[in-house]
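The values are calculated or read from the model by the stated rules, or taken from the named source; none is laboratory data. The shown structure was predicted, so the numbers you read here are calculated from the model rather than taken from an experiment. Every residue, glycine as well, gets a Cβ built from its backbone with ideal geometry; the counts of neighbours run over all protein chains shown. Just the protein is used for accessible areas: all its heavy atoms, side chains included, with ligands, DNA and RNA removed. Shrake-Rupley method; radii C 1.70, N 1.55, O 1.52, S 1.80 Å.
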Amino acid sequence: MAKDDYYEVLGIKKDASPDEIKTAFRRLAIEHHPDRGGDEAKFKEINEAYEVLKDPEKRKRYDQFGHAGVGGNSGGFDGFNGFGSQGQNINFDFGDLGLGDIFSSFFGGGGQTQANRSRSGRDVQTEIEISFEQAIFGTEVPLSLNIEDICEHCKGTTAEPGYDLKKCPTCDGKGQVITVTRTIFGNIQQASICPKCSGTGKIPEKVCSVCHGKGTLLRKQEIKLKVPAGIEDGTTIRLREHGEAIANGPKGDLYVNVRVKAHKQFTREGDLILSTEHVSMVDAALGTDIEVATVDGIIKMKIPPGTQSGSDFKLSGHGVPHLKSNGRGAHIVTILVDTPVKLSKKQENLLKEFQENSSSSKFHIWN
């Protein structure tokens with residue numbers, strides 16, 4: 001059966017550069033990879049074309065004599081024994097086109113293994129809800145969690161008290177086992193955590209009679225969480241080694257997501273507390289003293305004559321405590337001037353008189 005033109009196989013022109021040849025091969029090799037559901041025969045054809053066209057001498061002979069110039073074969077794909085007629089192991093350069101990720105998903109990540117990673121218990125996440133005032137001044141919240149904790153009988157060693165740990169016979173104390181997978185690229189070694197010792201390299205001479213060699217037991221844990229003053233809604237507090245326990249390793253971490261309830265009167269922006277107060281048109285014009293609610297209690301605040309609606313007044317030191325330094329932010333009070341909706345006849349006449357004489361210095365209102 002006649003072979004297809006190698007340039008057409010790779011989808012390139014006859015004057016393609018070496019980089020263009022390499023890029024085309026990488027793209028097609030990933031697309032037609034048998035372990036990704038691709039066609040094995042097509043993959044073989046792609047490899048064969050690349051083996052010829054990547055070599056300047058072979059490419060020259062192919063351009064001059066066709067398939068006969070290269071023997072009709074490049075000594076390439078040989079089933080699943082790897083590239084080359086001997087099926088040798090090779091390192092194939094696929095650059096940044098993602099074949100490394102393919103190997104990861106197929107064969108467990110190549111050289112880096114889970115057994116080499118630090119073992120610790122699982123992290124735990126929970127959520128609490130506190131009031132606006134508790135977020136401002138800080139509080140202490142009790143937490144009750146059912147999580148894996150160290151077995152008190154064996155202290156997490158997995159061994160019955162009085163018995164030692166011995167070298168794991170499955171992994172010979174290494175904590176990991178090596179398996180070899182035969183692939184189209186040759187033999188690939190994979191290191192994985194030893195299933196017998198869970199990566200510790202040791203097993204108990206006699207397993208714990210309480211946890212049965214697990215090293216942990218499900219137990220309710222009571223924790224008092226200190227919430228710092230000034231914490232914001234959505235903040236996550238991390239408690240190191242307060243998560244799930246694991247045999248012969250540190251506990252995981254506990255992550256507490258803090259939700260702050262909305263306040264009926266106050267809002268917050270950073271270290272500022274914001275609120276609004278209403279005054280009458282007359283009080284705004286003549287000035288007055290009002291009582292303002294703050295997180296510290298009721299405070300008297302002076303409204304100067306001629307205050308306009310929307311004016312802001314600053315109450316220093318009555319805002320949110322700074323998390324990383326001393327002091328507090330301010331409480332900003334926005335004044336809203338209420339315009340009367342219903343007027344008595346006398347009030348209406350007085351306002352009309354004011355309007356008519358607003359430019360006269362002789363006018364006096366409500367003598």
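Structural remarks
- Selection count where residues are open to solvent by 70 Å² or more (accessible area, probe 1.4 Å) and touching a residue at least 12 places away in the same chain (Cβ under 8 Å), scope the range 173-186: 3
- Inter-residue pairs, beta-carbon under 7 Å, first under 11 Å from residue 331 (Cα atoms) and free of Cβ contacts under 8 Å to residues at least 40 places away in the same chain and in the range 292-304, second open to solvent by 50 Å² or more (accessible area, probe 1.4 Å) and of a type outside the set (Phe, Trp, Tyr), 6+ apart: 293/265
- Residues that are under 28 Å from residue 248 (Cα atoms) and part of a loop (DSSP other than H, G, I, E, B) within the range 172-196 comprise 172, 173, 174, 175, 194, 195, 196, listed in sequence order.
- Across the range 45-64, not a single residue is classified as open to solvent by less than 40 Å² (accessible area, probe 1.4 Å) and at pLDDT below 85.
- Residues in the range 35-44 that are surrounded by 14 or more Cβ atoms within 10 Å (Cβ to Cβ) and of a type in the set (Gly, Ala, Ser): 38 only.
- Inter-residue pairs, beta-carbon under 6 Å, first more than 22 Å from residue 231 (Cβ to Cβ) and touching a residue at least 12 places away in the same chain (Cβ under 8 Å) and in the range 307-319, second part of a strand (DSSP E or B) and open to solvent by 40 Å² or more (accessible area, probe 1.4 Å), 6+ apart: 309/336
- Answer from 213, 199 - the residue that is touching a residue at least 60 places away in the same chain (Cβ under 8 Å) and either assigned to a loop (DSSP other than H, G, I, E, B) or under 21 Å from residue 137 (Cβ atoms) (or both): 199
- Selection within the range 28-42: residues that are at pLDDT below 85 and part of a helix (DSSP H, G or I). The member of this set that is farthest from residue 183 (Cα to Cα) is 31.
- Residue ID - least open to solvent (accessible area, probe 1.4 Å), chosen from residues in the range 318-328 that are of a type outside the set (A, V, I, L, M, F, W, C) and over 23 Å from residue 307 (Cβ atoms): 321
Yes/no matrix, rows are residues, columns are (1) among the acidic types (Asp, Glu); (2) more than 20 Å from residue 339 (Cβ to Cβ):
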site: 249; (1), (2): no, yes
site: 256; (1), (2): no, yes
site: 260; (1), (2): no, yes
site: 271; (1), (2): yes, yes
site: 282; (1), (2): no, no
site: 315; (1), (2): no, yes
